Amino acid sequence: MAPLGPGWKQLIRGPDVLRTMEIGILTRNPMAWCSRALAQAFSRLGAGVSFLRFDRLLAQVGSRPLASHRSPDLKDLTGLDALVVRPVGRGSLEEIIFRMDLLRRLEAEGVVVVNPAEAIEICSDKYRALWLMELAGLPVPRTVVTEDVASAMRAFRELGGDVVVKPIFGSRGMGSVRITDPDTALRVFRAIAFQHGVIYMQEFVPHGPYDIRAFVVGGEVVASMRRVSGSWKKNVYQGARPEPLELGEELSELAIRAAEVTKCEVAGVDILPGPRGPLLTEINSQPGWMGLQSVSKTDIAMKIASYVISKVRS
C-alpha cells in the first residue's frame, strides 16, 4: 500500500467507533537503529507505536488482562492491532519458551504478530530450518548435527576436513569457527560436548569474496546486497562491506521459497554462490537492515510497516 501523507491516521473500525491503529514493537533496545526506523515508518503511516520489552511481559490465566506489559503502568497487549518482534536475544530455555508461548497467546486473541512464533522457533533452530528447506527441495550445504564426538570426527573427515562449526542457536556469525585441523576439531567437539551442547557443522563452501543477503517482506524480495569481506565470515556485523545487488529471478525465487518454507513474513535470507550453484545457509526471522539500507533505494522499514498495516486491515 502507498504511504499516507503527514497528518493522516490509520483508522480501523471497532465495535462502535473508528480508532487509531496501535502497533507494538517488541525489542531489547528501543534505541536500536532498526527499531527506531520501524517506529518512524509506522508513525509516518499514521499508526500509534509502543515500544515493549521482553523482560516486562506479564501473562495471566483465569484473569484479565491475558497479556500485558509494565511501561510503567500495565498495558493490555490484547488491545494491540499488531506486534512486530525484533530480536528475541539470549535467554534461558524457560525464558524463550515463555516468550514464544505469549506470542502464540496474542495470535490466538487476533493480534497480528510479525513474525509469528512458529517462524521464530523454526529460524532460531538452524537444523530445523535447514531440513525444512531440504525437504522442500531447496539447495543447502551438507550439514551434520550430533552430540557424539566420535561421530563428529568421522563427519569432519567425510566433509573434507574443512568445516564451519556454528552454535545451533545464534546469528550474526557469533560463535562460528572454521576448522581445518583434526586436532583442533577434536578439542572443539569435546568442549561443546562437555558443555552439553550440540555439534553443528557444515562443509565449508568456497564462495569468493562475497555472499548474498536477500530481504523478503510478504513474499517479495524488497532489497538485496552482496556482503564483501576478505574473511570467510561475511556478516556486516562482523565487518563485511555491503554492496548493492539486483537479484535475478532464480535467486529471488530461492529467497522467497526459503521464507515461505520457514513461515517467515519478514526474513533475511543468506545465500552462498558456491561452485555447485547457490546454496541457502541460514534464514533470519528477525533481521537487521541498517547495512542493507545503506546500499538500497528501497525504504525497508516502510515496506515492513506497510505490510503489517495491510495485514491488519485485510
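Please give the FRET efficiency for Lys311 paired with Leu135, using the beta carbon to beta carbon distance and R0 = 35 Å, rounded to the nearest 0.05. Computed FRET efficiency for Lys311 and Leu135: 0.85.
Considering helices alone, the calculated mean residue ellipticity of the chain at 222 nm is -9500 deg cm²/dmol, with DSSP H runs of length four and up weighted by -39500 (n - 2.57) and normalised per residue. Can you pull the percent of Cα pairs in the range 27-120 with separation above 21 Å? In whole percent, the share of Cα-Cα pairs in the range 27-120 beyond 21 Å is 30. Working from label points 7 Å from Cα in the Cα-to-Cβ sense, the His196 to Met31 distance is 3.6 nm. Distance between the modelled labels on Glu246 and Ser43, one decimal in nanometres: 3.5 nm (7 Å Cα→Cβ projection).
Enumerate the lysines that Lys263 could reach by cross-link, defined here as Cα to Cα under 16 Å, with residues fewer than 8 away along the same chain left out. Cα-Cα hits under 16 Å: Lys126, Lys311. Using the Stokes-Einstein relation with a Kirkwood hydrodynamic radius computed over Cα pairs, the translational diffusion coefficient of the range 104-171 at 37 °C and a viscosity of 0.692 mPa s comes to 228 µm²/s.
For the chain, the fraction of C-alpha pairs more than 37 angstrom apart is 20%.
Any read-out appearing in this document is the output of simple, stated calculations on the displayed coordinates, not a laboratory observation. Nothing here was measured: the structure is a model prediction, and the numbers come from that model. Because the Cβ atoms are built from the backbone with ideal geometry, glycine has one as well, and the counts that use them run over all protein chains shown.
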